[in-house]
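S.K.: Quick one: this structure, given as structure tokens, is what I'll be asking you about.
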Amino acid sequence: MIKNQNQIFQEEFEKLNTEQKRAVETTEGPVLVTAGPGTGKTQILAARIAKIISTADNKAEDILCLTYTDAGAIAMRKRLLQFIGPDAYKVEVQTFHAFCNLVIQENLDYFGLRGLDAVSELEQISFVHKIIDNFEKDNPLKRYVGDVYYETKKLLNLYDQMKRENWTAAFLHSHIDSYLEEIILSDELRYKRDSKYGKKGDLKVKEYNAIVERMMQLKAAADTLNTYQDLLKQNGRYDFSDMILWVIDAFKKKPEILSHYQEKYQYFLVDEYQDTSGAQNEILQLLIQYWDSPNVFCVGDDDQSIYRFQGANVENILSFKNKYIPYGLVEIPLINNYRSSQYILDAAKVLISNNNTSRINPNKNLVAKNPDYANLDNAPTITEYHNLAHEAVGIAIQIETLKKQGVKLNEIAVIYRKHAQADDIIKYLQVKNIAVNTKKKIDILHEPLIKKIVQIMRYVSAEMHKAHTGEVFIYEILHYDFFNIPPIEIAKISVNVSNKNFNERKTSWREEIKNAWSKRPSDLFTQNSQQGKELMYASKVLEGWIQSGINCTVQQIIEKIINESGILAQCLTNADKRWNMQLL
């Protein structure tokens, strides 16, 4: 006998525990479910949608389900197909970005965004470089030596954060000022006892000034967001965070657009609520603000506040709870776990208990309910170390011990938060000739070898467009090891340039480098000076690359730099030659 969707739903519903059933059946009003991994969140979301559709005159089109990832949306749709069949495609199951794109596409006349393309990473970098190039001399972010574009990644990260949280520069300025007012009064910046640096209670001026300097840099960085947005607009580009901000702006300025979606959707469900950004949360709040007690169902994990580095933000859950308690908020904690053993859950509770200040249910005790895992005899051991260095060595020694005991290396795994934490462990294991297999994404633009090539390209580009505008790069470039020029010789040229410019005998690095090797041997170098040859070679290849900038493609110039600079020869003789060749 073929089962219909209703039978399948009823069978699955009966498998739910008491709290899960309560979450499914409480279809009206605000509901907050706190649930961690392995508690059946996706199942109850799908079952709840099926329950709503089966009640009264509700239709699938009345429901908006917002997820954090595309994978979450796909998983939800598959589960719905089991419960309600083809009607699953009528339920609006979208990520926040996809929903905002839907709003934009349905209101193109208002948004006027035809012809816009998503900005590429290279374009983002180019726009930020333009911003940096136009810094005033007194801008706290302006650099005159080293990598003048050092702040590029930081600025892009800040722009992304400001957009995701819908922060303005004025908002950041205000909070920075408040922070500085608070920090100057804090005990952390006061001497605890008399010393040669100050008396007990005196302000630690050096530390305070360092904080002020960082905050001024943050203010200056925040002020550049509008310029970045203007560059995106001028070039017909947008990023995904812009879509959410556009819709927020439209909902606020054009009430009829907002009211259309408030009338269209009567039930709102949000998965992974702790992962929503400030801007995403504002989209939700605007949609449900029409009702004092909206039919909104949010599922979040307050324990994931430990994943703040990945974007988890438990503050959204706390603010939602506080806002809707007066309007009959129903709170449902899911404590039955179907994925882990009780040992694992108890150990996790010990660690997570440190986050009590940011948890909704600090006394929550998860219970292992899956008989296949619940009673597994594999209690974890928690080891505390004095510092990260001790931890790295301790873990490496444990791995070495396990190997000596005959444990296969492919049965040993190390899970860490950041790749940098594994570096010391890997180095120790390599010294002990213990093979390591690790995978991580590498931004090759931050690899030392590639950074050198990029810096040379910046110099060539600057000199090609306007002579002597690449001076800020040349001092560093001449120190690159593949040129093998002694630092003392570079220092001599630097002094010559400074002295002549100070005495108004204007000169440039390009001229002084050429003069240095073209002088008579007795004048600057000895007859067979290797240093003179190296300086001469560096000068000739640099001049050649500048000329190539006019006559060759970018790819050809990069090829010339790799071949003619000595980079390729150096890579082939280096201990890390395989890795270096992969980078090239």
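S.K.: Could you give me D for the chain, from Stokes-Einstein at 10 °C and 1.306 mPa s, where the hydrodynamic radius is the Kirkwood radius over C-alpha pairs? Units µm² s⁻¹, please. List each step's numbers first, then the result.
M.R.: Details: Rh = 29.6 Å.
Here the translational diffusion coefficient equals 54 µm²/s.
S.K.: With contacts defined as alpha carbon pairs under 8 Å and 6 or more residues apart, what's the relative contact order of the range 189-262 in percent? Please list the in-between numbers first.
M.R.: Values: 29 pairs, mean separation 9.9, N = 74.
Once normalised by length, the contact order is 13 percent.
S.K.: What distance in nm separates the simple spin-label points at Lys90 and Lys15, each placed 7 Å from Cα in the Cβ direction?
M.R.: Computed distance between label sites Lys90 and Lys15 equals 2.6 nm.
S.K.: Also, quick follow-up: Return the calculated 222 nm mean residue ellipticity for the chain, to the nearest 500 deg cm²/dmol, obtained by summing -39500 (n - 2.57) across DSSP H runs with n ≥ 4 and dividing by the residue count. Each step should come with its number before you reach the end.
M.R.: Working: 26 runs with 317 residues, N = 584.
Per the formula, -17000 deg cm²/dmol.
S.K.: By the gyration tensor of its Cα atoms, with a ≥ b ≥ c the square roots of the eigenvalues, what is the shape of the range 385-457: rounded for a/c under 1.5, prolate for a/b over b/c, or oblate? Working shown, then result.
M.R.: On the way: a/c = 2.78, a/b = 2.12, b/c = 1.31.
It comes out prolate by the Cα gyration axes.
S.K.: Let me see the pair-distance distribution of the range 197-261: every alpha carbon pair, 10 Å bin width, integer percents in order.
M.R.: Percent of pairs per bin, in order: 17, 24, 22, 15, 12, 8, 1.
S.K.: When the chain is fully extended, how far beyond the present Cα-Cα distance does Lys418 get from His446, taking 0.36 nm per residue of separation? All intermediate terms of the calculation are to be shown ahead of the outcome.
M.R.: Numbers: separation 28, 0.36 × 28 = 10.08 nm, distance 1.63 nm.
The Lys418-His446 span can extend by a further 8.4 nm.
S.K.: Return the sequence-ordered ³J(HN,Hα) values of the range 443-457 in whole Hz as given by the Karplus equation 6.51 cos²θ - 1.76 cosθ + 1.60 applied to θ = phi - 60°, using x for Gly and Pro.
M.R.: 8, 5, 5, 9, 6, x, 4, 5, 4, 5, 5, 4, 5, 5, 4
S.K.: Any idea how far the Cα center of the range 267-288 sits from the one of the range 100-148, in Å?
M.R.: About 26 Å separates the Cα centre of the range 267-288 from the one of the range 100-148.
S.K.: If eta is 1.002 mPa s and T is 20 °C, what Stokes-Einstein diffusion coefficient results for the range 312-354, Kirkwood Rh from Cα pairs, in µm²/s?
M.R.: Working: Rh = 12.9 Å.
It comes out at roughly 166 µm²/s.
S.K.: Another question, then. Please state, as a whole number in µm²/s, the translational diffusion coefficient that the Stokes-Einstein equation yields for the range 445-583 at 20 °C and 1.002 mPa s, with Rh defined as the Kirkwood radius across alpha carbon pairs.
M.R.: Numbers: Rh = 15.9 Å.
Reported coefficient: 134 µm²/s.
S.K.: Of all alpha-carbon pairs in the range 120-234, indicate the percentage at a distance above 25 angstrom. Walk me through the numbers on the way to the answer.
M.R.: Details: 2392 of 6555 pairs.
Summing the P(r) of the range 120-234 above 25 Å gives 36 percent of all pairs.
S.K.: Please work out the Cα convex hull volume for the range 313-451 and give it in Å³ per residue. Write down the numbers at each step before the final one.
M.R.: On the way: hull volume 26.3 nm³, N = 139.
Output value, Cα hull per residue: 189 Å³.
Only the coordinates and a few stated rules stand behind these numbers; no lab work does. In this text the structure is predicted, and so the values were computed from the model without any measurement. Cβ sites come from the backbone with ideal geometry, for glycine too, and all protein chains shown count toward neighbours.
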